[in-house]
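J.: Once you've had a glance at the structure underneath, I'll fire off some questions.
The values are calculated or read from the model by the stated rules, or taken from the named source; none is laboratory data. Since the model is a prediction, treat every value here as computed from it, not as a measurement. Here the Cβ positions follow ideal geometry from the backbone for every residue, glycine too, while neighbour counts run over all protein chains shown. Note: accessible area is taken over every heavy atom of the protein model, side chains too, but ligands, DNA and RNA are not part of it. Shrake-Rupley method; radii C 1.70, N 1.55, O 1.52, S 1.80 Å.
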Amino acid sequence: MGQSQMNQISVIGAGAMGSQIALVCAFSGFQVILQDIEESSLKRAEESLNYQMDRRIKKGKLTEEAVQTAFNRLTYTTSLEEAVESTDFVIEAIVEKVETKQQLFKKLDQLAPPHTILASNSSSIPSSYMAPATNRPKKVCNMHFFNPALVMELVEVVQGEHTSAETAELTVELTKQLNKTPILLKKEINGFVANRLLGKLMNEAIDLLENDIATAEEIDLAATKALNHPIGPFALIDLTGLDVHYHVRMERYYESGDEADKPAAIIKEKVERGELGKKAGKGFYTYSS
Ligand SMILES: NC(=O)c1ccc[n+]([C@@H]2O[C@H](COP(=O)([O-])OP(=O)(O)OC[C@H]3O[C@@H](n4cnc5c(N)ncnc54)[C@H](O)[C@@H]3O)[C@@H](O)[C@H]2O)c1
């Protein structure tokens, strides 16, 4: 399948990432189906996208017509079969758990046409964990967007040993068609590139906080005002979701066996208290609705 023959994209998982990835694809002219097992997630996704697009229209960043055209290309469903039965490309953006992703990839392999590429938006799990659950490992890869996907430009495409050069090439080409900047990694590593860099910064930030050297606000100020980062590490964890951060670190720990890779105590405590960040109204900061 060549890039020009690609018409329909299916995004599986309508959370923070899947909802925005779906709209990014719709803006680039693709027919998009967004699927989630939870009806409530689909409803939240639709409301959130409407809200964000309204704001952009009011600010004059987008026209009402452009937004409506994109929305007309986007449909929502809870049926996986309906979502992928005639799709050309699947982007998986469900919960960051290996077994759940493996089960999904098995079903995707059974339900999607043989030519369809199955890409994972996982923040950390290389696609070689999911590829063996399918009969099409050559068509499985990582396609990692950043949060918020409507805004962030980089996409990491990861070609595992099982991924064919054609799949990697098509995914890179698709990334460009979505007006994003791809980097193609030809070797798998947990966390890929950007999040590995970020992980070191986060570790140090949490260490400084846990040792009472500075508050979360002060550490974020150091990052934004001295290092010129657009957002500090704690505001970023809040945006990403403390639960997502927790799962990412646990997956890395399962892979490495290194205790240092486990999530920090403060993250675990906050996740247990439901302080999951911006989406929960409280994380390291408190948010009004
Ligand atoms: N949050 C981030 O900053 C970020 C950035 C880049 C990549 N990611 C990756 O994107 C993926 C999703 O993260 P998120 O932050 O959007 O999570 P989220 O919790 O906001 O959303 C996950 C969605 O997946 C749905 N889901 C769970 N199991 C499903 C299944 N079997 N089939 C269909 N839907 C299912 C849930 O109902 C939920 O709506 C993860 O793999 C994560 O690592 C997250």
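J.: Any chance region 211-231 includes a residue that's closer than 28 Å to Glu99 by Cα and out of contact with any Leu (no Cβ under 8 Å at 6 or more places or on another chain)?
T.: No: zero hits.
J.: Still on this model: Can you pull out the helices (runs of 4 or more DSSP H) entirely within region 58-111 that have at least 1 residues that are within 16 Å of the ligand (Cβ to nearest atom) and either out of contact with any Phe, Trp or Tyr (no Cβ under 6 Å at 6 or more places or on another chain) or within 27 Å of Gly241 (Cα to Cα) (or both)?
T.: The qualifying helices (runs of 4 or more DSSP H) are 80-84, 98-111.
J.: Additional query: Hey, among Gln31, Gln68, which residue is open to solvent by 60 Å² or more (accessible area, probe 1.4 Å), without any contact (Cβ under 8 Å) to a residue 60 or more places away in the chain, in contact with a Ser or Thr (Cβ under 9 Å, 6 or more places away or on another chain) and not charged (D, E, K, R)?
T.: Gln31
J.: For the condition surrounded by 16 or more Cβ atoms within 10 Å (Cβ to Cβ) and either out of contact with any strand residue (DSSP E or B) (no Cβ under 8 Å at 6 or more places or on another chain) or more than 30 Å from Asn135 (Cβ to Cβ) (or both), what is the one hit in Glu38, Glu96, Glu92, Glu47?
T.: On the way: Glu38 fails: surrounded by 16 or more Cβ atoms within 10 Å (Cβ to Cβ); Glu92 fails: either out of contact with any strand residue (DSSP E or B) (no Cβ under 8 Å at 6 or more places or on another chain) or more than 30 Å from Asn135 (Cβ to Cβ) (or both); Glu47 fails: surrounded by 16 or more Cβ atoms within 10 Å (Cβ to Cβ).
Exactly one residue qualifies, and that residue is Glu96.
J.: Also, I was wondering about something else. Would you pick out the residues in region 105-136 that are over 16 Å from Glu156 (Cα atoms), touching a residue at least 60 places away in the same chain (Cβ under 8 Å) and open to solvent by 20 Å² or more (accessible area, probe 1.4 Å)?
T.: Of everything in region 105-136, just one residue is over 16 Å from Glu156 (Cα atoms), touching a residue at least 60 places away in the same chain (Cβ under 8 Å) and open to solvent by 20 Å² or more (accessible area, probe 1.4 Å), namely His115.
J.: Take Arg273 and decide whether it is open to solvent by 40 Å² or more (accessible area, probe 1.4 Å) and either assigned by TED's automatic domain parsing to the domain that holds Ser120 or within 16 Å of the ligand (Cβ to nearest atom) (or both).
T.: No; evaluated as a whole, the condition is false for this residue.
J.: Where in region 196-269 are there helices (runs of 4 or more DSSP H), lying fully within it, with 2 or more residues that are more than 14 Å from the ligand (Cβ to nearest atom) and of a type in the set (A, V, I, L, M, F, W, C)?
T.: Ranges flagged: 216-221.
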